[in-house]
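Here's the structure we're looking at; comments come further down.
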Amino acid sequence: MQAVQLDVASLNTLRDGFRGRLVLPSDEEYDRARAVWNAIADRHPAIVARCAAVTDVVAALGFAREHGLPIAVRGGGHSVAGFSTCDAGMLIDLSGMRRLRVDPKARTAWVEGGALLEQLDQAAQAFGLACPVGVIGHTGVAGLTLGGGMARMQRMHGFTIENLISIDVVTANGEQVHASDDEHPDLFWGPSGCRGELRNRHGVRL
Ligand SMILES: Cc1cc2nc3c(=O)[nH]c(=O)nc-3n(C[C@H](O)[C@H](O)[C@H](O)COP(=O)(O)OP(=O)(O)OC[C@H]3O[C@@H](n4cnc5c(N)ncnc54)[C@H](O)[C@@H]3O)c2cc1C
């Protein structure tokens, strides 16, 4: 595979203000950083951006766009199709963005893009609550939700996606947008648009 030559000056600019870590093929930790849980996908990104904040995601995305690099986003890294890594591109790794909080009064949870199911389960169960997510704890909440999300509670409480209230999106041009049924509903439709279809098919109560 052909190695990608990244311009040092613009890499340094990306490093300025980057709160997480940028890992390059020449770094000792590169093989660990590029590995995904699903080892079927053995790819070699040009750069692994271990983001610690949304501003890191915006910066990594901008860098990839500027340099014409393909982009992959990694949450839990379970994708069987290998969508959470890439060859010769920018891997936006969200494993450093796993904060979450549960509001027991409102019975809602807020999770960062890289949070895992086991974290959500534990935080919710501390209040005697549960969200209908999948059965394996190290699956990503965002990745599972984007795929619909099914598990043991679905007959009573629906698919994970049916419980999604809103999302904070970084768009392809680096804008940060809050989307829900009321705000930017067109953008919210992308990840959640199948909800009506699922309801029609399965008669699930929301
Ligand atoms: C062992 C195992 C058990 C599973 N169990 C269940 C189950 O019980 N129920 C069920 O419904 N599914 C289950 N799945 C399927 C699983 O939900 C999907 O593979 C899901 O896409 C994994 O999400 P992830 O974040 O772990 O993986 P990733 O590979 O990291 O992400 C999957 C996709 O979502 C994208 N993505 C992830 N996070 C973000 C984000 N924050 N923003 C934008 N894009 C993002 C990635 O780019 C990728 O395209 C299971 C899969 C495995 C391998």
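Here's a check for you: in the range 125-146, which residue that is surrounded by 14 or more Cβ atoms within 10 Å (Cβ to Cβ) and closer than 15 Å to residue 95 by Cβ is farthest from the ligand (Cβ to nearest atom)?
The residue in question is 137.
Quick grid of which residues meet (1) modelled with pLDDT of 95 or more; (2) surrounded by 12 or more Cβ atoms within 10 Å (Cβ to Cβ); (3) at positive phi:
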{"residue": "90", "(1), (2), (3)": "yes, yes, no"}
{"residue": "115", "(1), (2), (3)": "yes, yes, no"}
{"residue": "194", "(1), (2), (3)": "no, yes, no"}
{"residue": "197", "(1), (2), (3)": "no, no, no"}
{"residue": "206", "(1), (2), (3)": "no, no, no"}
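Restricting attention to the range 63-71, does a residue exist that is within 13 Å of the ligand (Cβ to nearest atom), within 29 Å of residue 30 (Cβ to Cβ), touching a helix residue (DSSP H, G or I) at 6+ places or on another chain (Cβ under 8 Å) and assigned to a loop (DSSP other than H, G, I, E, B)?
Step one: of the range 63-71, the residues within 13 Å of the ligand (Cβ to nearest atom) are 70-71.
Subset that is within 29 Å of residue 30 (Cβ to Cβ): 70-71.
If we keep only those that are touching a helix residue (DSSP H, G or I) at 6+ places or on another chain (Cβ under 8 Å) too, we end up with 70-71.
Right, trim to assigned to a loop (DSSP other than H, G, I, E, B) and you get 70.
Yes, because at least one residue in the range 63-71 is within 13 Å of the ligand (Cβ to nearest atom), within 29 Å of residue 30 (Cβ to Cβ), touching a helix residue (DSSP H, G or I) at 6+ places or on another chain (Cβ under 8 Å) and assigned to a loop (DSSP other than H, G, I, E, B).
Out of 107, 65, report the one residue that is in contact with a strand residue (DSSP E or B) (Cβ under 9 Å, 6 or more places away or on another chain) and in contact (Cβ under 8 Å) with a residue 12 or more places away in the chain.
Only one candidate qualifies: 65.
Does any residue of the range 44-58 turn out to be within 20 Å of residue 171 (Cα to Cα), more than 18 Å from the chain's Cα centre (by Cα) and either without any contact (Cβ under 8 Å) to a residue 24 or more places away in the chain or within 16 Å of the ligand (Cβ to nearest atom) (or both)?
No: zero hits.
Has the range 130-138 got at least one residue that is part of a helix (DSSP H, G or I), β-branched (Val, Ile, Thr) and in contact with a Gly (Cβ under 7 Å, 6 or more places away or on another chain)?
Filtering the range 130-138 for residues part of a helix (DSSP H, G or I) gives none.
The answer is no, given that none of the residues of the range 130-138 is part of a helix (DSSP H, G or I), β-branched (Val, Ile, Thr) and in contact with a Gly (Cβ under 7 Å, 6 or more places away or on another chain).
Can you go through 154, 122 and tell me which one is surrounded by 13 or more Cβ atoms within 10 Å (Cβ to Cβ), more than 13 Å from the ligand (Cβ to nearest atom), among the polar types (S, T, N, Q) and more than 30 Å from residue 64 (Cα to Cα)? Don't jump to the end; show me each part of the working.
Details: 154 fails: more than 13 Å from the ligand (Cβ to nearest atom).
Of the residues listed, the single one that is surrounded by 13 or more Cβ atoms within 10 Å (Cβ to Cβ), more than 13 Å from the ligand (Cβ to nearest atom), among the polar types (S, T, N, Q) and more than 30 Å from residue 64 (Cα to Cα) is 122.
The values are calculated or read from the model by the stated rules, or taken from the named source; none is laboratory data. Keep in mind that what you see is a predicted model, and the values were worked out from it rather than measured. Counting neighbours? That spans all protein chains shown, and the Cβs are built from the backbone with ideal geometry, glycine included.
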